[in-house]
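A short write-up of the structure that comes next.
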Amino acid sequence: MIILKSAHEIEVMKEAGRILAEVLKALEEAVVPGISTLELDAIAAHLIEQAGCKASFLNYNGYPNTLCISVNEEVVHGIPDHRVLREGDIVSIDGGVIYRGYHSDSAKTFPVGSISQEKKKLLQVTEECLYRGIEQAVEGNRLSDISHAIQKHAELHGYSVVRDLVGHGIGQSLHEDPEIPNFGPPNRGPRLQKGMTLAIEPMINLGDYPVEVLANGWTIVTKDKKPSAHFEHTIAITDDGPLILSTLNSENLL
Ligand code: MF3
Ligand code: CO
């Protein structure tokens, strides 16, 4: 069941998203060669607490940290540890906050120092995939129009779309209906309606799409060990089109 949100609830989720965007901005500045992923996690934990929020992921199904931090061939759900980031790495940072009972969920992949052209393009195209998906989040479209737009853009550039993980509805729970695959034919699934709040999150691989889980039970990596990127926003569908909530200045896109 898809839970529609009122204008008031969307305002609360906008504030949750703004706080999360501040956290991700601070993390972007902290991403330098030599920092450990656990240090990045501590920065986020501190900022989230200071903002009077709770971290969405901490203790979720037993998840042990504030952030998911995934490096290079790690796709998502990397667990922060003493690993140090090195020049040339790419690092996907996924965070979630709960503000007044409502979640926001957002991720970005950052370069560590200077990175290869190949990785730069992967980051750029994956972010474009996210925006192609968001542009389809308008009343009257169907859910898979989002999925299809993402896949089309990724494959146009010769990349592959991870199949095993999907985006999701979001609100008073981190994961609500509907599931939002990042691939598939257009014009399928539920009609999109005003009041839907969605976390759209393409995970795009430089190589092939199969992934596997590491022995820690969490970290997802590409089977071919080639790099992967992940960009995610929490958005709301409004009368004026898609509204990105997990951003510093929430404005309608269309
Ligand atoms: N953005 C991810 C998701 O939507 C993060 C959740 S991971 C967990 O699924 F740590 F919370 F489990
Ligand atoms: Co998510």
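For the reader, a short list of remarks on this structure follows.
- Volume in Å³ per residue [convex hull over Cα atoms, computed for region 55-213]: 115
- Rounded to the nearest 20 debye, the dipole magnitude of region 59-144 is 80 debye, with +1 charges on Lys and Arg beta carbons, -1 on Asp and Glu beta carbons, and the Cα centre as origin.
- Around the Cα centre of the chain, unit charges on the Cβ atoms of Lys, Arg, Asp and Glu (plus for the first two, minus for the last two) sum to a dipole of about 280 debye.
- Table column - 3J(HN,Hα) (Hz), region 241-250, Karplus curve with 6.51, -1.76, 1.60, x for Gly and Pro: x, x, 10, 6, 8, 8, 8, 5, 10, 6
- Sparsely packed loop sites in region 37-141 (the GluC sites (Glu not before Pro) outside DSSP H, G, I, E and B with at most 12 other Cβ atoms within 10 Å) comprise E87.
- Carbon/sulfur fraction of accessible area - region 94-245, other protein chains in place, 1.4 Å, %: 47
- Heavy-atom accessible area per residue - the chain, 1.4 Å, Å²: 43
- Mean residue ellipticity, 222 nm, helices only, the chain: the sum of -39500 (n - 2.57) across DSSP H runs of n ≥ 4, divided by residue count and rounded to 500, is -9500 deg cm²/dmol.
- Region 63-130 and region 174-204 have Cα centres separated by 21 Å.
- Region 85-171: translational diffusion in µm²/s, Stokes-Einstein, Kirkwood Rh over Cα pairs, 37 °C, 0.692 mPa s: 222
The values are calculated or read from the model by the stated rules, or taken from the named source; none is laboratory data. What you see is a predicted model; the values in this text were computed from it and never measured. We place every Cβ from the backbone using ideal geometry, glycine too, and count neighbours over all the protein chains shown. The protein model used for the area step is the full one, side chains on, heavy atoms only, and it has no ligands, DNA or RNA in it. Shrake-Rupley method; radii C 1.70, N 1.55, O 1.52, S 1.80 Å.
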